[in-house]
Amino acid sequence: MFYDKTFFDAHGIAAPTTWNEFIDACWAIKDAGALPMYIALKPNDAQWFWPTGMIGNFAMRSKVEEVNLLHAEGWTFDVEDPTSTIGESITVDEAWVAFNKGILDPAVAPEFRIYAEMAKEWADACTDPQAALAADGNEVYQAFWTGQSKIFMNGTWFISTLVNELANLPEEQQFEWSIFAHPTPTTENGDVFSMGAINQNMNLRNGFIVPKGLDPAKEAIAIDFLRFMTSTEEATKLFSLNRVDEATGVEYPWSYDPPAIVGIPMRPGTEALYPRIDYGEMGLFLTSAPGDTQSWTEWLTFFGQEYLGGMIDIDTVLEEWSFSLEDGLERSLETYRDEVDQAFIDANLP
Amino acid sequence: MATLSRPVADAPPMPSNRRNLLQRIWDAKFVYLILVPTFVLLVIFAYYPFVNALYRSLYDWNGVNVSNYVGMENFATLLSLKFATVDPKTDEVTGEPLRDEAGNLVYEDIRRVMRNNEEEFEDFKAYTSIQIGDRQYHLVAKDPVFIRSMGNMLVFVVADVAKAILIPILLAVMLYHLWSHRWRYIFRIMLILPAVVPGVVYILLWRDFFKMPSGNQQAGLVNQLLGLIDPNLMHTWLGDVNTVIPALIFTGFPWVNGANTLILLAGLLSIPGELYDAVRMDGAGAWTTFRRLELPMLRGPIRLVLVFALIGAVQGYTGILIMTNGGPANASMVPGLWLYQNAFQFNRYGYASAIGVILFIILITFTVASQRMLRSEVEYEG
Amino acid sequence: MRHQRGALRAEVMRYIVLLAFLGGMFYPILFMLLTTGKTNAELSINFFGFPRDIQISNLTRAWDAVVPYILNSVLVSGVAVAGVLALAVLGAYAFARFSFPGKNMLFYGVVALMMIPGILTFVPQFLIARDLGLLNTRLALILPYIAGGQVGAIFMLRIFFAGLPQELLEAARVDGANEIVILFRLVVPLSIPMIMVIAVQNILGTWNDYIWPLVTIGMNESIRTVPIGLAFLPTEYAQIPYGAIMAGYTISAIPLAILFVFTMRYFVEGLSSGALKL
């Protein structure tokens, strides 16, 4: 999370590390007459829904073994060991069973209510929900470097743009920027946050999928290419930004996120923005059904626009969420019917 | 029609039997050859899509692997609408109405009411409600977004038709009565001139015009002007469910439509001068002339402009897609955009086709009705 | 002339009303032009007025961004309109001049398409373009544009061709000219005003089309047309100041402005004479 260090220092606001500190910092910024975060409650501004998964998955960690029922033989989940989740994922049938048991039903499961409360608290403290309803995602970048907002969530790829833009501004509008890691919820926010801390939205998060039933020759090519892309040599290039822009001659001495692949060194002179933090995670927290854009779009509307925008209350949003997720899961069961294990569903749902 | 087609000089005499028909087809082979590219393109990009849309509207189809015949279910979902009434909660023992701390009556949430009555309200969702007396009247629908979009469409149809006719009529009459024909010509050119700027630019400009100021970002034109009067009048016009529709209707103010103005002006120019002389002889003023002579004589062009505006308003959604994408909270959704989202975001191509078929039926009804009226008009004039 | 004073007042009123509406109509364009010359900083202190220090750099920055879109649009609209005119002239001539079995059926088959709204066929058209492998190629625009554009064009040209003086064509035929010669030496030159009107109308339609290019070629940045390119401009060039975005809009108006210089007369006449009624 990028922030305007000049402003923070001038008003004696410290960079937060926990969720509650973050909310307090936002109120302090508002008291100082500024807007903490300029957001757009639209699908093209990830700032407001990006953290959803990070916080929600953190809250759901104690439920992983209850949901991931189709796991490999002898598997156990270890929150302190990220590698314990390798090869595991939540499938549609598992999600359907867990939804019907209430574990993943937003109207029933406590984790969803806690998240909804935190999100609303954040929207009120850190943003201007009315303006966010009309704003567009492509405005939020400029809002940060032009001083409209004091905190901006983005990836390290934003650094070069930020540096360039700040350099173009008149002297008196320039400011010193810095970053803090995404604030972590703690047990102060609820007992569900007792296993570890939040996983940062960083490091190697992407898995690669080679579709089943691909022509074997193509499959071999795809796997070969992935091996190349993830080789130590190539990954090193990707993970060490430290470079000079050939066109402008501007130096970018900052690193991308520290490499997650063991054995990849950081380029000499590269500075890590913050240390690597990793916990085992399974992605249980469902805003919408896997592979179903409709329930995702619905979530963006009823949760983002209607709930954060102050049009409906928390009970209504959780009910809507439950309906939408149920419909979406039904559609996903149909879409992925060739892979759905009907016997598993029947065995687990009376 | 007969006068339009003239036989070629060396065409054979009218044949009557089958052999002659084949002979005639063979004789006309080059004509068919000329028409081949036209019809190949039409089959691929017009006939087949048309048939396909009708046929696919009966399917639950994601365009890839799911393709289930569902009969009229898509239409049933789109058009299902029910009333539900909710009475205040009462004390089970005394039968007295329950009240909360503030003294207000307490109602069961409509969603829970529907969940408790699964048989009647399965798959229904809350759409809108009003309260009359102590009773709540709810309108519930299986697809409340579509119902809302149809309501919005009606509003936009009325507004767009009014915009497409009223201002252009005013301008056309002004232009017609200008003494200087040179100036009339200059104005005509000026009316068409804005067409050089891509249409999307106007939409993007207007989206900016509604912006609120924040930080060192400037307010848009609309809020700048309102701010000059009173800063409290500034508003997030496109971000408020209550103002988004009026703001979208206001877009394009003062709604000058150059093409329509010229079409109507052409209608005025074709009014015979003797009719004007006759009306003037009666001592009629400008308003009477307009009502008694110009308006009746403009009926044809007005109907033409009206049909185009109507067709545009029923199926158009480019402006809304760019300005609000149907938001906030689907408040500015229109059927075209809902079709677009179902098809391209949700991969529900069958459902989207069903929306298309409903719009097709609406449009064909309008078109046929207007053709009927047009025909009676022609007979009347003849 | 006892009404003269009143009549003069009415004439002045007419000018006032016309100028007021035209002023309102042109204001967005004026705003765009004025803002083209401003920096973000100047915009904050001088929103409405003329730029004090005209920023040529806005234009040069936007030029590089917008010119590729303009070239794409010129290519797409140009090829499409050429295709429409070629097919429509031939098709309309066939329908207007020849008698052949199935003629009426085929002609109504074309004209009936004018009753089918684009919104109905939109989704299947997209899926066909996808299945033919046209997505993210220019053909995904050009072929449907030709297919759709020729329908109205055939209809209008057929009426126009049939209305041409027959004696002229008969005379040419007696002189031994074949149909191809008659079409291109006689019919087409006589129809230039009508063909121009159809061409301009078609170019305007394809040039301004937004949603079809958005779904079919929106992902292929290198062939984006002007409307989608402009809509993405603020996203793609987050670092370009507002004035440069306005400069981009301004530049995008140049091609049609050039086209209008040459065809304005036909277009205005066409609209005014009611040629576009159908």
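The values are calculated or read from the model by the stated rules, or taken from the named source; none is laboratory data. Quantities reported herein were computed from a predicted structural model and do not represent experimental measurements. Neighbour counts are summed over all protein chains in view; Cβ atoms, including those assigned to glycine, are modelled from backbone coordinates with ideal geometry.
For the stretch A:35-56, indicate whether the set of residues that are farther than 16 Å from A:E281 by Cα, charged (D, E, K, R), in contact (Cβ under 8 Å) with a residue 24 or more places away in the chain and crowded, with 17+ Cβ neighbours inside 10 Å is non-empty. Checked against the condition, which is being farther than 16 Å from A:E281 by Cα, charged (D, E, K, R), in contact (Cβ under 8 Å) with a residue 24 or more places away in the chain and crowded, with 17+ Cβ neighbours inside 10 Å, the stretch A:35-56 yields at least one hit. Among the residues of the stretch C:119-144, the ones that are facing chain B (nearest Cβ under 9 Å) and either of a type in the set (F, W, Y) or part of a helix (DSSP H, G or I) (or both) come to 14 in all.
Does B:A313 satisfy the criteria of being buried (at least 17 other Cβ atoms within 10 Å of the Cβ) and more than 14 Å from chain C (Cβ to nearest Cβ)? So B:A313 does not fit the description; no. Each residue in the stretch C:90-106 was checked for being over 21 Å from B:W26 (Cβ atoms) and either of a type in the set (D, E, K, R) or surrounded by 22 or more Cβ atoms within 10 Å (Cβ to Cβ) (or both), and 1 pass. Residues that are within 14 Å of chain A (Cβ to nearest Cβ), of a type in the set (D, E, K, R) and either within 22 Å of the chain's Cα centre (by Cα) or on the phi < 0 side of the Ramachandran plot (or both): does the stretch B:149-164 have at least one? Scanning the stretch B:149-164, I find no residue that is within 14 Å of chain A (Cβ to nearest Cβ), of a type in the set (D, E, K, R) and either within 22 Å of the chain's Cα centre (by Cα) or on the phi < 0 side of the Ramachandran plot (or both), so the answer is no. Answer with yes or no whether C:A80 is of a type in the set (A, V, I, L, M, F, W, C), more than 7 Å from chain B (Cβ to nearest Cβ), assigned to a helix (DSSP H, G or I) and without any contact (Cβ under 8 Å) to a residue 40 or more places away in the chain. The answer is no for C:A80. Scanning the stretch C:107-117 for residues that are surrounded by fewer than 18 Cβ atoms within 10 Å (Cβ to Cβ) and at the interface with chain B (Cβ under 7 Å from one of its Cβ atoms) yields a count of 1. Check the stretch B:216-232 and report whether any residue there is within 14 Å of chain A (Cβ to nearest Cβ) and touching a strand residue (DSSP E or B) at 6+ places or on another chain (Cβ under 7 Å). No, there is no match, as no residue in the stretch B:216-232 is within 14 Å of chain A (Cβ to nearest Cβ) and touching a strand residue (DSSP E or B) at 6+ places or on another chain (Cβ under 7 Å).
Here the condition is being under 24 Å from A:N199 (Cα atoms), part of a helix (DSSP H, G or I), in contact with a Leu (Cβ under 6 Å, 6 or more places away or on another chain) and assigned by TED's automatic domain parsing to the domain that holds A:E165; of A:A123, A:A116, it holds for A:A123 alone. Answer yes if at least one residue in the stretch B:248-269 is more than 20 Å from the chain's Cα centre (by Cα), facing another protein chain (nearest Cβ under 9 Å), surrounded by fewer than 17 Cβ atoms within 10 Å (Cβ to Cβ) and in contact (Cβ under 8 Å) with a residue 12 or more places away in the chain, and no otherwise. Taking every residue of the stretch B:248-269 in turn, at least one turns out to be more than 20 Å from the chain's Cα centre (by Cα), facing another protein chain (nearest Cβ under 9 Å), surrounded by fewer than 17 Cβ atoms within 10 Å (Cβ to Cβ) and in contact (Cβ under 8 Å) with a residue 12 or more places away in the chain.
Within the stretch A:180-200, not a single residue is modelled with pLDDT under 80 and either over 30 Å from A:G56 (Cβ atoms) or not polar (S, T, N, Q) (or both).
Specify the residue that is surrounded by the fewest Cβ atoms within 10 Å (Cβ to Cβ); the eligible residues are those in the stretch B:116-141 that are of a type in the set (D, E) and without any contact (Cβ under 8 Å) to a residue 40 or more places away in the chain. Filtering first and then ranking leaves B:E119. How about the stretch C:161-181: which of its residues are assigned to a helix (DSSP H, G or I) and surrounded by fewer than 20 Cβ atoms within 10 Å (Cβ to Cβ)? The answer is C:A162, C:Q166, C:E167, C:L168, C:E170, C:A171, C:A172, C:R173, C:V174, C:E179, C:I180, C:V181.
Within the stretch C:1-39, the set of residues being of a type outside the set (S, T, Y), outside any helix (DSSP H, G or I) and touching a residue at least 40 places away in the same chain (Cβ under 8 Å) comprises C:G37, C:K38. Checked against the criterion of being modelled with pLDDT under 90, β-branched (V, I, T) and out of contact with any Leu (no Cβ under 6 Å at 6 or more places or on another chain), the stretch C:222-232 contains not a single residue that satisfies it.
Checked against the criterion of being more than 14 Å from chain C (Cβ to nearest Cβ) and among the aromatic types (F, W, Y), the candidates B:F50, B:F45, B:F83 yield just one match: B:F83. Criterion applied to B:L105, B:L54 was being modelled with pLDDT of 90 or more and surrounded by 14 or more Cβ atoms within 10 Å (Cβ to Cβ), and the one residue passing it is B:L54.
Would you check if C:A62 is more than 30 Å from A:P170 (Cβ to Cβ) and assigned to a helix (DSSP H, G or I)? So C:A62 does not fit the description; no.
Taking the stretch A:57-70 as the search range and keeping residues that are among the polar types (S, T, N, Q) and either touching an Asp or Glu at 6+ places or on another chain (Cβ under 8 Å) or without any contact (Cβ under 8 Å) to a residue 12 or more places away in the chain (or both), which one is nearest to B:A329 (Cα to Cα)? For the stretch A:57-70, the residue satisfying everything is A:N57. Just to be sure before I move on: is B:L339 at pLDDT 90 or above, within 28 Å of A:N138 (Cα to Cα), at the interface with another protein chain (Cβ under 7 Å from one of its Cβ atoms) and part of a helix (DSSP H, G or I) in the structure I sent? Yes; evaluated as a whole, the condition is true for this residue. Taken over the stretch A:120-164, the criterion of being in contact with a Phe, Trp or Tyr (Cβ under 8 Å, 6 or more places away or on another chain), without any contact (Cβ under 8 Å) to a residue 60 or more places away in the chain, farther than 30 Å from A:T316 by Cα and crowded, with 19+ Cβ neighbours inside 10 Å is satisfied by A:Y141 alone.
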